[in-house]
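Engineer: Sharing a structure, written as structure tokens. Questions coming.
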Amino acid sequence: MNKSLSYKILEKNLIKGIVEPGNEVEIKVNQTLTQDSTGTMVYLQLESMNVSKIKTDFSVAYIDHNILQTGFENADDHEFIKSICEKYKIIYSKPGNGICHQINLERFGIPGNVLIGSDSHTPTGGGLGMIAIGTGGLDVAVAMATGKYTMKVPKILNIKLNGKLNKGVSAKDVILYILKILSVKGGVGYIVEYSGEGLKSLSLTDRATITNMGAELGATTSIFPSDDITKEFLIKQNRENDFSYFKADEFAKYDKTIEIDLSELEPMVAMPHSPDNVEKIKNIEKLKVDQVAIGSCTNSSYSDLMKVAKILKGKRVNENVSLVISPGSSNIMKIISDNGALGILIQSGARILEAGCGPCIGMGQAPRNNAISLRTFNRNFQGRCGTKSASVYLVSPETAAISAINGYLTSPLEIEIDLDIKEPRKYEVHNNYFIYPKENNSKKVYMGPNIKPFPLKGKLEDNLSGIVLLKTGDNITTDDIMPSNAKILPYRSNIPKLSGYAFGTIINDFNKRAIKNNGGFVVGGSNYGQGSSREHAALVPLYLGVKAVIAKSFARIHKNNLINVGIIPLVFKNIDDYELINENDEIFIENISEVLNDDILLKINDKEIILKFEGSKRDAEVLKLGGYLNYSIKELKGD
């Protein structure tokens, strides 16, 4: 039938619609995941739908982001999520168990399944042959309540991998190279599907590294076929019964194909402050390093840490470098503890953190002012590390380890160490960090004083007017819209408190501007809202009265989040009209609900600008009702 792997899995789980590019379809959701940074809002929204039980095959709530407990706030959120899990029979992963994407890969991912998660790096599961999509929290809440997810069918970008990686070159270098040639906008509107003879040389966790950072391409998701390498991984995880083969048809048709010869790749580095600002390490002049951080959902697997241990064995971390390492899961932590690798890391002078997201999400380990930090993470947006003046470079674990020894950015090609890692015959599995649903679960929900109701919008007004509160440039991230660091993260369940930090990396008075003017509009450039899936970047503007965001183009998840909360995402019909709008300009849009699916006339300074709403009729109905929660409650009631 010449079908891609992605379309075959979508058709396997299809409820309504036709799987063709651009069509809106409804698919069955087999699994969901949440993490604690976004999870509190997800479960508040689930509660408001008044359902008696969830309708996914199973759902898992992970505590991995806000695990520094410097006050009661994070601990209260964790207790709230735990009580929700008891009520709705959701699996609960305790703090210290590890990072949601790494654990889900190990314990729960099933080839051919559909997984959606309230974290943008949910596509990690694509390394296992799943359709795994990062979404806003409300999409996850609705999926749990209904067992369904509505999406526009993406096009398919096939990346055909040939050859084999040379010694010292890793999967991280593969995805950095892809980001270099495609950019952070290159995957928008696509599922990235990998094929080719080169797949045979990539381990399951190599594949997961690549699909994980596919999120930085702006892609809906990324996927590898489920093959013998997938089977071997699941056997080692004592989950052979979860395995099935899934692959594209022999002559599958793709919308676009790129071929990459793995043997031609070299060690790469993403320079500040974007994951696509990529260069070969050999082209970077000797760069002194102050901090090295190894871990995150991108590079915290067993093989990653064992390679690091091999490089550090018998060596000492440079006296001018702080090296921090965070394993991806408690299982990995236990294995490297039992086999002696943990001792090697400690004797080298590395600092060992608990299994969790940690520095990647800005939860601790902020570098000093003006520091150079090498990280094996997926994002290096300015200020995300917790220090705005620091410069973060993204590298492979091998590059990170040798650089930590030398004190400057060093290519792994310069070391003579055998980095082939022999995987355990079986991964030891322990479940003591999980709380599984019981037959007679408690229905009592714990609510701490820091948990505030999420904002809700009423039905769409006929006419919109107000001033331009802020005008931004291109590639504004959700970290810019709603910053994330150890100071702010404890308030992720408190939208009023968070509102004081809105757009904090750009200006320091957005909150005051919005309150003074009773809300208004935000104008953005291209790829507005790239990065994290956090719906707080939509909920906080909603709370502050933002009525619409007008941009050259939007990142997929943030655009969906704006629609979900009831803020209208509008684009310029003529992109050059972006230049005609300035901060403090008065804007007026008439009869917006009637013209949502047509040309929208914006009046400003005696000028007229044509805008478009690039959404489906269903999206328009969601906006008219004031957001997806209102729409979903109406659907559940059968109104």
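The values are calculated or read from the model by the stated rules, or taken from the named source; none is laboratory data. What you see is a predicted model; the values in this text were computed from it and never measured. Here Cβ is always computed from backbone atoms with ideal geometry, including for glycine, and neighbour counts include all displayed protein chains.
Engineer: Among the candidates 138, 128, 115, 105, which residue alone is modelled with pLDDT under 95, outside the structural domain of residue 478 (by TED's automatic domain parsing) and touching a helix residue (DSSP H, G or I) at 6+ places or on another chain (Cβ under 9 Å)?
Structural biologist: 138
Engineer: Separate question: Going by what's in this entry, would residue 529 be described as in the same structural domain as residue 497 (by TED's automatic domain parsing) and more than 28 Å from residue 451 (Cβ to Cβ)?
Structural biologist: no
Engineer: Moving on to the next point. Does the range 527-577 hold any residues that are polar (S, T, N, Q) and within 22 Å of the chain's Cα centre (by Cα), and which are they?
Structural biologist: 527, 530, 532, 533, 553, 560, 561, 564
Engineer: Could you go through the range 381-400 and let me know if any residue there is more than 21 Å from the chain's Cα centre (by Cα), crowded, with 24+ Cβ neighbours inside 10 Å and under 11 Å from residue 292 (Cβ atoms).
Structural biologist: Within the range 381-400, one or more residues are more than 21 Å from the chain's Cα centre (by Cα), crowded, with 24+ Cβ neighbours inside 10 Å and under 11 Å from residue 292 (Cβ atoms).
Engineer: Of the conditions (1) in contact with a Gly (Cβ under 9 Å, 6 or more places away or on another chain); (2) farther than 17 Å from residue 174 by Cα, residue 300 clears all except one; give me its number.
Structural biologist: The number of the failed condition is (2).
Engineer: List the number of the failed condition for residue 177; all other conditions in (1) touching a helix residue (DSSP H, G or I) at 6+ places or on another chain (Cβ under 8 Å); (2) among the aromatic types (Phe, Trp, Tyr); (3) more than 16 Å from residue 230 (Cβ to Cβ) hold.
Structural biologist: Condition not satisfied by residue 177: (1).
Engineer: Every residue in the range 543-564 that is within 20 Å of residue 139 (Cβ to Cβ) and among the basic types (Lys, Arg), please.
Structural biologist: Result: 556, 559.
Engineer: Among the residues in the range 456-464, are any among the small types (Gly, Ala, Ser), touching a Gly at 6+ places or on another chain (Cβ under 8 Å) and either closer than 20 Å to residue 559 by Cα or part of a loop (DSSP other than H, G, I, E, B) (or both)?
Structural biologist: Yes, that holds for at least one residue.
Engineer: So which residues in the range 365-412 are of a type in the set (D, E, K, R) and part of a helix (DSSP H, G or I)?
Structural biologist: Hit for the range 365-412 is 398, nothing else.
Engineer: May I ask you to verify whether residue 188 is among the aliphatic types (A, V, I, L, M), surrounded by fewer than 24 Cβ atoms within 10 Å (Cβ to Cβ) and under 19 Å from the mean Cα position of the chain (by Cα)?
Structural biologist: yes
Engineer: Within the range 520-537, can you find the residues that are in contact with a helix residue (DSSP H, G or I) (Cβ under 9 Å, 6 or more places away or on another chain) and either basic (Lys, Arg) or part of a loop (DSSP other than H, G, I, E, B) (or both)?
Structural biologist: Within the range 520-537, 525, 526, 529, 531, 532, 533, 534, 535 meet the criteria.
Engineer: If you check residue 203 against the conditions, is it over 30 Å from residue 345 (Cα atoms) and at pLDDT 95 or above?
Structural biologist: Considered against the rule, which asks whether it is over 30 Å from residue 345 (Cα atoms) and at pLDDT 95 or above, residue 203 comes out as no.
Engineer: Answer yes or no as to whether residue 489 is surrounded by 19 or more Cβ atoms within 10 Å (Cβ to Cβ) and either under 29 Å from residue 552 (Cβ atoms) or in contact with a strand residue (DSSP E or B) (Cβ under 6 Å, 6 or more places away or on another chain) (or both).
Structural biologist: Considered against the rule, which asks whether it is surrounded by 19 or more Cβ atoms within 10 Å (Cβ to Cβ) and either under 29 Å from residue 552 (Cβ atoms) or in contact with a strand residue (DSSP E or B) (Cβ under 6 Å, 6 or more places away or on another chain) (or both), residue 489 comes out as no.
Engineer: Another question about this same structure. Determine, yes or no, whether residue 156 is touching a residue at least 12 places away in the same chain (Cβ under 8 Å), within 24 Å of residue 259 (Cβ to Cβ) and buried (at least 22 other Cβ atoms within 10 Å of the Cβ). Full working, then the answer.
Structural biologist: On the way: touching a residue at least 12 places away in the same chain (Cβ under 8 Å): yes; within 24 Å of residue 259 (Cβ to Cβ): yes; buried (at least 22 other Cβ atoms within 10 Å of the Cβ): yes.
Spelling it out, residue 156 is indeed touching a residue at least 12 places away in the same chain (Cβ under 8 Å), within 24 Å of residue 259 (Cβ to Cβ) and buried (at least 22 other Cβ atoms within 10 Å of the Cβ).
Engineer: Now for a different question. Output the number of the condition that residue 611 fails; it satisfies all remaining conditions of (1) outside any strand (DSSP E or B); (2) surrounded by 18 or more Cβ atoms within 10 Å (Cβ to Cβ); (3) touching a Lys or Arg at 6+ places or on another chain (Cβ under 7 Å).
Structural biologist: Result: residue 611 fails condition (1) only.
Engineer: If we keep just the residues of the range 162-182 that are touching a Pro at 6+ places or on another chain (Cβ under 7 Å) and of a type in the set (A, V, I, L, M), which is farthest from residue 279 (Cα to Cα)?
Structural biologist: Per the stated criteria, the residue is 169.
Engineer: Just to check your reading of the model, which residue among 198, 218 is modelled with pLDDT under 95 and touching a helix residue (DSSP H, G or I) at 6+ places or on another chain (Cβ under 8 Å)?
Structural biologist: 218
Engineer: Being of a type outside the set (S, T, N, Q) and exposed (fewer than 14 other Cβ atoms within 10 Å of the Cβ) is the filter here; which residues of the range 593-608 pass it?
Structural biologist: Those that are of a type outside the set (S, T, N, Q) and exposed (fewer than 14 other Cβ atoms within 10 Å of the Cβ): 594, 598, 599, 606, 607, 608.
Engineer: Is there a residue in the range 445-465 that is closer than 19 Å to residue 560 by Cα and either at pLDDT 95 or above or hydroxyl-bearing (Ser, Thr, Tyr) (or both)?
Structural biologist: no
Engineer: Limited to the range 183-214, what total is found for residues that are in a helix (DSSP H, G or I) and closer than 21 Å to residue 7 by Cβ?
Structural biologist: Qualifying residue count, the range 183-214: 5.
Engineer: While we're here: Is it the case that residue 350 is modelled with pLDDT under 95, within 22 Å of residue 291 (Cβ to Cβ) and within 32 Å of the chain's Cα centre (by Cα)?
Structural biologist: It is false that residue 350 is modelled with pLDDT under 95, within 22 Å of residue 291 (Cβ to Cβ) and within 32 Å of the chain's Cα centre (by Cα).
Engineer: A further question follows. Looking at this structure, is residue 387 in contact with a strand residue (DSSP E or B) (Cβ under 8 Å, 6 or more places away or on another chain) and among the polar types (S, T, N, Q)?
Structural biologist: It is false that residue 387 is in contact with a strand residue (DSSP E or B) (Cβ under 8 Å, 6 or more places away or on another chain) and among the polar types (S, T, N, Q).
Engineer: Kindly indicate the residue of the range 238-260 that is polar (S, T, N, Q) and touching a Lys or Arg at 6+ places or on another chain (Cβ under 7 Å) and also farthest from residue 430 (Cα to Cα) among those meeting that condition. Walk me through how you get there before you give the answer.
Structural biologist: Looking only at the range 238-260, we keep the residues that are polar (S, T, N, Q), and these are 238, 241, 244, 257.
Next, from what is left, pick out any that are touching a Lys or Arg at 6+ places or on another chain (Cβ under 7 Å): 238, 257.
Numbers: 238: 11, 257: 42 Å.
Of everything passing the filter in the range 238-260, 257 is farthest from residue 430 (Cα to Cα).
Engineer: Determine whether residue 400 is in contact with a Ser or Thr (Cβ under 7 Å, 6 or more places away or on another chain) and not β-branched (Val, Ile, Thr).
Structural biologist: yes
Engineer: hydroxyl-bearing (Ser, Thr, Tyr) and crowded, with 20+ Cβ neighbours inside 10 Å: which single residue out of 532, 526 fits that description?
Structural biologist: 532
Engineer: If residue 20 satisfies every condition in (1) surrounded by fewer than 22 Cβ atoms within 10 Å (Cβ to Cβ); (2) without any contact (Cβ under 8 Å) to a residue 40 or more places away in the chain but one, which is the exception?
Structural biologist: Unmet for residue 20, out of (1) surrounded by fewer than 22 Cβ atoms within 10 Å (Cβ to Cβ); (2) without any contact (Cβ under 8 Å) to a residue 40 or more places away in the chain: (2).
Engineer: Give the residue, chosen from 586, 590, 579, that is free of Cβ contacts under 8 Å to residues at least 24 places away in the same chain and either loosely packed, with under 15 Cβ neighbours inside 10 Å or in contact with a strand residue (DSSP E or B) (Cβ under 6 Å, 6 or more places away or on another chain) (or both).
Structural biologist: It is 579.
Engineer: How about the range 24-40: which of its residues are of a type outside the set (A, V, I, L, M), out of contact with any Lys or Arg (no Cβ under 7 Å at 6 or more places or on another chain) and not in a helix (DSSP H, G or I)?
Structural biologist: Taking the range 24-40 first, the residues of a type outside the set (A, V, I, L, M) are 24, 26, 28, 30-32, 34-40.
Remaining after also requiring out of contact with any Lys or Arg (no Cβ under 7 Å at 6 or more places or on another chain): 30-32, 34-36, 39.
Passing the criteria: 30, 31, 32, 34, 35.
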